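Enquirer: Take a look at this one; I'll ask things after.
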Amino acid sequence: AQSVTQPDIHITVSEGASLELRCNYSYGATPYLFWYVQSPGQGLQLLLKYFSGDTLVQGIKGFEAEFKRSQSSFNLRKPSVHWSDAAEYFCAVGLDQNFVFGPGTRLSVLP
Amino acid sequence: ETGVTQTPRHLVMGMTNKKSLKCEQHLGHNAMYWYKQSAKKPLELMFVYNFKEQTENNSVPSRFSPECPNSSHLFLHLHTLQPEDSALYLCASSQGGASQPQHFGDGTRLSIL
């Protein structure tokens with residue numbers, strides 16, 4: 001079945017540590033790929049997107065993501081996490097006319 | 001005012017009430033979406049409108065009735081809801097199609113008594 005998975009439900013990192021959030025998809029073709037962030041009480045904000053070309057894409061707030069076709073993955077990374085990065089992160093796939101969202105990964109940041 | 005605006009931000013209603021959620025986008029987009037976000041569940045796409053025409057209805061119960069009078073406004077009319085309908089309802093807009101990022105409002109937190 002076609003799906004978007006985020007294997008980690010909840011991740012805790014210390015402020016200043018590096019971060020990697022995993023996303024895998026199972027579609028035949030290379031879909032359009034997105035990462036969104038949702039802070040408490042707010043809607044989803046686009047962090048970055050991948051369509052084609054360079055497989056390492058830069059986004060806002062110091063985030064980047066790398067598309068790996070062989071692994072059907074689009075993992076999100078940040079070299080040094082800030083306390084304000086604590087939020088829920090969603091990977092999304094654009095396919096046909098609409099989006100399919102992963103279940104989300106909740107990020108907690110320790111001082 | 002820019003972006004996607006949803007009103008009200010919070011709504012508490014009884015199961016027999018009728019209420020409406022409103023969404024307005026100031027981005028010049030052609031497509032608008034309603035999503036339901038429940039605790040511990042993935043985001044659920046409910047309805048999609050492209051150029052004011054409904055193009056998707058993901059088996060949503062008839063107690064939810066969408067309306068899109070123009071490309072900038074989207075409503076979700078609620079009637080005889082159930083407790084399991086309590087959730088965050090998010091509106092989004094885009095230029096349409098799978099390649100265009102969706103821009104989200106801050107949602108309406110709905111509680112059914």
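What follows is calculated from the coordinates using simple rules that are stated; it is not laboratory data. Note that the structure is a prediction, hence the values are computed from the model and not measured. In this analysis, Cβ positions are derived from the backbone assuming ideal geometry, glycine residues included, and neighbour counts consider all displayed protein chains.
Enquirer: Find, among the trypsin sites (Lys or Arg not before Pro) in the stretch B:38-72, those assigned to loop by DSSP (not H, G, I, E, B) with at most 14 other beta-carbon atoms within 10 angstrom.
Expert: Values: sites: B:Lys40, B:Lys52, B:Arg63; in loops: B:Lys40, B:Lys52, B:Arg63.
Taking the stretch B:38-72 and a limit of 14 other Cβ atoms within 10 Å, the loop trypsin sites (Lys or Arg not before Pro) found are B:Lys40, B:Arg63.
Enquirer: Taking only the C-alpha atoms, wrap a convex hull around chain B and report its volume per residue in Å³ as a whole number. It would help to have the intermediate numbers written out before the result.
Expert: Numbers: hull volume 10.9 nm³, N = 113.
That works out to 97 Å³ per residue.
Enquirer: I need the Debye-formula profile for chain A: one equal scatterer per C-alpha, no solvent, reported as log10 I(q)/I(0) at q = 0.10, 0.14, 0.16 1/Å, two decimals.
Expert: The Debye formula, applied to the Cα set alone, gives -0.26, -0.51, -0.67.
Enquirer: Which Cα, out of B:Pro61, B:His29, B:Met15, lies furthest along the positive dipole direction of the stretch B:1-66 (beta carbon charges, K/R +1, D/E -1)?
Expert: So the residue we want is B:Met15.
Enquirer: About the Cα centre of the protein assembly as shown, how large is the charge dipole given +1 on each Lys and Arg Cβ and -1 on each Asp and Glu Cβ? Please answer in debye to the nearest 20.
Expert: Details: 18 positive and 18 negative charges, 60 e Å.
In total the dipole reaches around 280 debye.
Enquirer: Excluding B:Leu90 itself, what net charge comes from residues whose Cβ is under 15 Å from its Cβ, given Lys and Arg +1 and Asp and Glu -1? Kindly include the intermediate steps, with their values, before the conclusion.
Expert: Numbers: positive: B:Arg9, B:Lys22, B:Lys36, B:Lys41, B:Arg109; negative: A:Glu88, B:Glu24, B:Glu44, B:Asp85, B:Asp106.
So the surrounding residues net to 0.
Enquirer: Now a separate question. Mind listing which chymotrypsin sites (Phe, Trp or Tyr not before Pro) in the stretch B:8-56 are in a DSSP loop and have 16 or fewer other Cβ atoms within 10 Å?
Expert: On the way: sites: B:Tyr33, B:Trp34, B:Tyr35, B:Phe47, B:Tyr49, B:Phe51; in loops: B:Phe51.
Qualifying residues, ordered by number: B:Phe51.
Enquirer: Under unit Cβ charges (Lys, Arg +1; Asp, Glu -1), what dipole magnitude, rounded to 20 debye, does chain A have relative to its Cα centre?
Expert: Working: 8 positive and 9 negative charges, 19 e Å.
The dipole magnitude comes to about 80 debye.
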